[in-house]
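Here, each number is a calculation from the coordinates, and none is a lab measurement. Bear in mind the structure is a predicted one, so any value in this text is a computation, not a measurement. Quick reminder, even Gly has a Cβ in these numbers, built from the backbone with ideal geometry, and neighbours come from all protein chains shown.
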Amino acid sequence: MTTILSKQKELMDMDPRIWSRLPDHLLERVLSFLPLKTFLGLRSTCKQFNSLLFSPCFISKHSSLSSSSPFSSFILLSHPQFLQKCPLFNTVINSWCNMSLSFPPMLSCPPSSNLLSSSNGLLCFSIPRSSSFIICNLLSRSLRRVNFPSCPFDFELLTLVSTPNGYKLFMLCSMGSSINTLVYDSKVSSWLQFEGFDLILNENPHQKGVFYDGCLFFTTPEPFYVASFNLESGKWEKPTIGLPDGLTFVRLVSDGDRKMYLIGGVGVSGISRSVKLWELGEDGGDWMEVETLPETVCRKFVSVCYHNYEHVYCFWHQGLICLCCYTWPEILYYKVSRRTWHWLPKCPSLPDKWSCGFRWFPFKPELYSTV
C-alpha cells in the first residue's frame, strides 16, 4: 500500500525541468483552463502571467473555455455626495456591497471628471480639463484616452456601445447652426461624422440611446416618435412603429439584441394615471402590452417624479428593467423572469440630508472588454 501511494505522489509532482522548458503557447493553453479568479491570483508571481491578460491569443482561449463570467453584476451609483467612490448594489445577492468602487486618481475628482456611460464592463468618463474622454476597464486596470474632436466641444446623448472587437462612442454635437452625429470607433481609433436628425431627440440628458439590432433607438418629446441610428451605415431612420395612445412620457429599454421594451405613462394633460410596460412584437410592427404598474407602486412613483418626467430614465441590467429618477435615491425595477416589481433600497451610506443628482449605471465586470 505504501508503495502505491509513493508512486502516486511521484506522478503528481511536477518536474520543474519539464515545466521550465514548456513552450509559451502550451503554457498559455494550460493556464487558460484555470478559473479566472485563480489565474488573477497568479499575476504577482510572474510578469509573463500578468501580460497574458493583454494577449489576444490567451483571451480567445480562456473566453472559449469559460461558459460565463465568474463575477457578480452590479448597479453603480454616481452621486455628488460620493466624491471619490461609487457605491455598488449587488443584483445577484440583492444587497448593497460593503465596499465601494474606487477610481484611478485622474478619474476620482468631480467635477474634473464625470462618469457618463457604461457598457459590458467598460466605463466612459469625460475630462473637460484635458479635452478628452477616458474609456477604462477597472478589472483589467486598462484605460484609453480619446481626445475631443474639437475644442470647445459641446455634446449630448453620449452612449457607449461595446462590440465584440472593441466599442463605439455615439453622441450629438452642435457645430455652428447645425447638429451633427459623431461616432468614435475603437477599431480604427478615429471619429466619424454623420448628419444629424431633423427632430429634437429626448429632452432627458440622462437617458442614453438604446442598443437593439445594430441600431441606437431614441424617443422624441411630445408628439412622441421613435428614431433610430444605424451604427454601421451611419444613417438615421424613423421606424414606422406606432406608439400606444394617451402617453404622457415614453422611455425605451432593450436587452441588447432579442427584445426591446417601452415604458410609458398613460393619462391626460401630462398627468399619468397609470404606468405600463410594452414589448415590441417579433415582426417589429406593434407594441404588445406586458404589465401595468401596481396601483400602490404607481402612486409612489408619480409622487417621486412630481409628474416631471424629464428626470426619469431607464436601463436594462441582467434581466431587470430599471426605472430611475435623477432626484430620488431608489430604483423601481421590473424582474422580467418573475414579472414582479420591486424597489431597490436607498444606499445606506447616503447621508440623511441628500441632494438630487442620482445617476445609476449597469456594471458587469468583464476582464476581456478591451479599451
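May I ask you to derive the FRET efficiency for Arg29 and Glu156 from their Cβ-Cβ distance with R0 = 35 Å, giving the value to the nearest 0.05? The computed FRET efficiency comes out at 0.15.
Measuring nothing but how far apart in sequence close Cα pairs (under 8 Å, 6+ apart) lie, relative to its length, segment 143-237 scores a relative contact order of 17 percent.
Looking at segment 258-289, the trypsin sites (Lys or Arg not before Pro) that sit in a DSSP loop and have at most 16 other Cβ atoms within 10 Å of their own Cβ are Arg258, Lys259. Between Ser102 and Ser20, the modelled labels are 3.8 nm apart [label points 7 Å from Cα along Cα→Cβ].
Our estimate of slack between Cys46 and Trp191, defined as 0.36 nm per intervening residue step minus the Cα-Cα distance, is 48.4 nm.
Segment 288-321 and segment 332-371 have their alpha-carbon centroids 14 Å apart.
Go ahead and estimate [θ] at 222 nm for the chain from helices alone: -39,500 (n - 2.57) per DSSP H run with n ≥ 4, summed, over the residue count, rounded to 500.
Details: 7 runs with 56 residues, N = 371.
For the chain, the value works out to -4000 deg cm²/dmol.
Using 22 Å as the Cα-Cα cut-off, could you pick out the over-long pairs in Lys47/Lys168; Lys208/Lys364; Lys259/Lys346? Mind dumping the intermediate values first?
Numbers: Lys47/Lys168 31 Å; Lys208/Lys364 18 Å; Lys259/Lys346 29 Å.
Check vs 22 Å cut-off fails for Lys47/Lys168; Lys259/Lys346.
Do any GluC sites (Glu not before Pro) in segment 211-291 lie in a loop, going by DSSP, with at most 15 other beta-carbon atoms within 10 Å of their beta carbon, and if so which?
Sites meeting the loop and neighbour criteria: Glu232, Glu282.
If R0 is 30 Å, the Cβ-Cβ spacing of Val92 and Thr296 corresponds to a FRET efficiency of close to 0.65. Length available on full extension from Asn180 to His342: 0.36 nm per residue minus the Cα-Cα distance, which gives 54.4 nm. The loop-placed chymotrypsin sites (Phe, Trp or Tyr not before Pro) in segment 292-371, going by DSSP, that have at most 11 neighbouring Cβ atoms within 10 Å of their Cβ come out as Tyr306.
Normalising by residue count, segment 224-371 has a Cα convex hull of 162 Å³ per residue. The aspartates and glutamates within cross-link reach of Lys335, meaning a Cα-to-Cα straight distance under 17 Å and a gap of 8 or more places when in the same chain, are Asp255, Glu279, Glu289, Glu291.
Taking 17 Å as the straight-line reach from the Cα of Lys187, the aspartates and glutamates in range (excluding those fewer than 8 positions away in the same chain) are Glu232. Only aspartates and glutamates eight or more places from Lys235 in sequence, or on another chain, were considered; those with a Cα closer than 20 Å are Glu156, Asp185, Glu195, Asp198, Asp213, Asp257.
In units of the rule-of-thumb radius 2.2 N^0.38 Å, the chain shows an alpha carbon radius of gyration of 1.14. Structure remark: mean-square fluctuation, Gaussian network model of the chain, C-alpha springs under 10 Å; the largest value among Val266, Val226, Val336 belongs to Val336. Please report the spacing between the Cα centers of segment 207-250 and segment 134-172 in Å, no decimals. Answer, in whole Å: 22.
Here the Gaussian network model covers the chain, with springs between Cα atoms less than 10 Å apart; of Asp154, Asp15, Asp286, Asp15 fluctuates the most. If you wrap the Cα atoms of segment 163-260 in a convex hull and average its projected area over all directions, you get 7.1 nm². Relative contact order for the chain: 14 percent, from Cα pairs under 8 Å spaced at least 6 residues apart, divided by residue count.
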